[in-house]
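These notes concern the structure reproduced below.
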């Protein structure tokens, strides 16, 4: 697809904030807020967005954290935090969204997850005259950038800056010395683990653990079971909403992995851990506590 | 002599499958290492048995429908098995036993449906109708599967497709036991029908004149070949090309007599899948490729070469 996975340049999001504050005056041009999204597209709004459709769970959560939750008029089927989101109309999937269902919510801003699958939808919103922003949200630093961008677009710049600063502080604090080695297992057959490209790898470092598959650059990858056994993590971390042990933990081939044999499997709740969120500091503390408990 | 060479090759790839792997195991530890004992050995055996089952299934189906294109997957079984698996995942039933069982049930359901459609005019199993029914049922199962997948959770969706590409990561002594218990019966049934398959390959009328009980043989062969495929899909997902290519390869050495062709196909299929699995595990270590992709990458050029020799 046309969208090349280039990183946004160093300055990150270019914000041209006008108006809003007393000194700024409304100019002749219709766009009072102009920003650049993570795909390098210009997003222009006449006034802070009042009707926002969020096409990703992380963005929904972020909008609530910014204090703009009451302006979210549509969300994906998968948005589950905060609990108030259940009252917001569901527009279906976030990836490859149903453009008609989204536009039926009459949004003045649509926020999409930045992926090649969503580039076409963003163009369609452009053609319909609905402002849209493509936002990366794979790592904590992405979320910090998103907080500033969405803060600006919703007229909540101060809140956006403070969330971004808090996330930045979490990232810039020297990580604790790693005292345990973990593997994140996201699927059992074929075995798939989290690599360095994922938010979870970042979270492990912040929580004082080392991901034994940090050498894999991809966010996730299929590996051989014997590699997991040989790298011998102290604990296996899985995402699960039920909190139950995964069924594969009892299978004979998985019992070649010492952490599985010794029952050191940490099950984390998906809604807090499956995506970077403004609650990253909470997630870090929780993971750290769980790792200490497993020792 | 030929048989000896094939047997030697089988022993060689099995030995390589145990020695080679993404992690290093010292020579001295080969007999004691749990990685070798609990992962590599069962995985090599499972690959061999699955490859063999698929190849024998393909060889018999090619004779049955008198079509060199026939293979277990063209006849709709992969679609059925895949649908069973996706249903299990969508219904959160992906436990250690539920997934393979669901795949197996799906394969059997597709078999029954194809078989039913293939029975035209009172128990007359028409090969052409059977093939068409297989393609149709396979396509329908594929469509239902895609519909379910696009309506279900994004993560589960991706994983269902990964499983469908085929893989032997689930190998353990338990899965080897399951398939070792399951294979002998359909294999014996097919081997016992070898002579009838030779006759059937001549056409149904000649076969009937030469004394073959055409209709019961067709039914028996079809069910046994389906059972083999179902068992293979149940433990390892959908692995393509083995059932199509290996029988054609083996006909070069063993001719068209099924008494020789079926055992040769079993060993040949085993060799191909074990070799493909070594590549899948080692080529991009520590990452792993789906073995179904490797069989296609290795098998298709081999097959293209063969076709050229065949047609010139």
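The values are calculated or read from the model by the stated rules, or taken from the named source; none is laboratory data. Since this is a predicted model, take the numbers as computed values, not measurements. Glycine also receives a Cβ, built like all others from the backbone with ideal geometry; neighbour counts cover every protein chain displayed.
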Matching helices (runs of 4 or more DSSP H) fully within the stretch B:1-118 where at least 3 residues are within 14 Å of chain A (Cβ to nearest Cβ), modelled with pLDDT of 90 or more and over 30 Å from residue B:218 (Cα atoms): B:2-19, B:41-64
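Tell me yes or no: at least one residue of the stretch B:249-261 is within 16 Å of residue B:300 (Cβ to Cβ) and in contact (Cβ under 8 Å) with a residue 12 or more places away in the chain.
yes
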Residue list for the stretch B:283-301, restricted to those being buried (at least 17 other Cβ atoms within 10 Å of the Cβ), without any contact (Cβ under 8 Å) to a residue 24 or more places away in the chain and more than 11 Å from chain A (Cβ to nearest Cβ): B:294
Which numbered condition residue A:181 misses (of (1) within 13 Å of chain B (Cβ to nearest Cβ); (2) surrounded by fewer than 24 Cβ atoms within 10 Å (Cβ to Cβ)): (1)
Output for the stretch B:119-131, where each listed residue is touching a helix residue (DSSP H, G or I) at 6+ places or on another chain (Cβ under 8 Å) and modelled with pLDDT of 80 or more: B:129, B:130
Those residues of the stretch A:119-135 which are within 19 Å of the chain's Cα centre (by Cα), assigned to a helix (DSSP H, G or I) and over 9 Å from residue A:39 (Cβ atoms), in sequence order: none
Conditions (1) buried (at least 24 other Cβ atoms within 10 Å of the Cβ); (2) more than 14 Å from every other protein chain (Cβ to nearest Cβ); number of the one not met by residue B:280: (2)
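Filter the stretch A:73-84 down to residues that are more than 14 Å from every other protein chain (Cβ to nearest Cβ) and under 13 Å from residue A:52 (Cα atoms) and give me whichever is farthest from the chain's Cα centre (by Cα). Give the steps one after another, and end with the answer.
Looking only at the stretch A:73-84, we keep the residues that are more than 14 Å from every other protein chain (Cβ to nearest Cβ), and these are A:73-75, A:81-84.
Still in the running and under 13 Å from residue A:52 (Cα atoms): A:73-75.
Working: A:73: 20, A:74: 18, A:75: 15 Å.
Checked the stretch A:73-84; the qualifying residue farthest from the chain's Cα centre (by Cα) is A:73.
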Inter-residue pairs, beta-carbon under 8 Å, first within 21 Å of residue A:225 (Cα to Cα) and more than 10 Å from chain A (Cβ to nearest Cβ) and in the stretch B:169-183, second part of a helix (DSSP H, G or I) and modelled with pLDDT of 90 or more, 6+ apart: B:176/B:42; B:176/B:45; B:176/B:46; B:176/B:49; B:179/B:46; B:179/B:49; B:179/B:50; B:179/B:53
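Please go through the stretch A:193-219 and give me each residue that is in contact (Cβ under 8 Å) with a residue 40 or more places away in the chain, within 14 Å of chain B (Cβ to nearest Cβ) and buried (at least 21 other Cβ atoms within 10 Å of the Cβ), ordered by number. Let's see the steps before the verdict.
Here is the first cut: in the stretch A:193-219, the ones in contact (Cβ under 8 Å) with a residue 40 or more places away in the chain are A:197-200, A:202-204, A:206-209, A:219.
So of that shortlist, the ones also within 14 Å of chain B (Cβ to nearest Cβ) come out as A:197-198, A:200, A:219.
Listed by number, the residues that qualify are A:198, A:200.
Examine the stretch B:264-276 for a residue that is more than 23 Å from residue B:4 (Cα to Cα), outside any loop (DSSP other than H, G, I, E, B), away from every other protein chain (no Cβ under 14 Å) and out of contact with any strand residue (DSSP E or B) (no Cβ under 7 Å at 6 or more places or on another chain), and state whether such a residue exists. Give the derivation first.
Narrowing the stretch B:264-276 to residues more than 23 Å from residue B:4 (Cα to Cα): none.
No, there is no match, as no residue in the stretch B:264-276 is more than 23 Å from residue B:4 (Cα to Cα), outside any loop (DSSP other than H, G, I, E, B), away from every other protein chain (no Cβ under 14 Å) and out of contact with any strand residue (DSSP E or B) (no Cβ under 7 Å at 6 or more places or on another chain).
Of A:45, A:134, A:109, A:55, which residue is touching a residue at least 40 places away in the same chain (Cβ under 8 Å), more than 22 Å from residue A:165 (Cβ to Cβ), within 14 Å of chain B (Cβ to nearest Cβ) and touching a strand residue (DSSP E or B) at 6+ places or on another chain (Cβ under 7 Å)?
Working: A:45 fails: within 14 Å of chain B (Cβ to nearest Cβ); A:134 fails: within 14 Å of chain B (Cβ to nearest Cβ); A:109 fails: within 14 Å of chain B (Cβ to nearest Cβ).
After applying the criteria, what remains is A:55.
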Hits in the stretch B:183-220 (condition: under 20 Å from the mean Cα position of the chain (by Cα) and farther than 20 Å from residue B:255 by Cα): B:183, B:184, B:185, B:186, B:188, B:189, B:218, B:219, B:220
Those residues of the stretch A:207-230 which are closer than 17 Å to residue A:260 by Cβ and out of contact with any strand residue (DSSP E or B) (no Cβ under 9 Å at 6 or more places or on another chain), in sequence order: A:226, A:229, A:230
Per-region count, the stretch A:180-217, residues at pLDDT 90 or above and in a loop (DSSP other than H, G, I, E, B): 12
The stretch B:237-258, residues that are more than 19 Å from residue B:175 (Cα to Cα) and either outside any helix (DSSP H, G or I) or at pLDDT 95 or above (or both): B:240, B:241, B:255, B:256, B:257
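For the stretch A:220-294, which helices (runs of 4 or more DSSP H) that fit wholly inside it have 1 or more residues that are within 14 Å of chain B (Cβ to nearest Cβ)? Give the derivation first.
Working: elements: A:225-231, A:258-261, A:270-273, A:280-294.
Here the list reads A:225-231, A:258-261, A:270-273.
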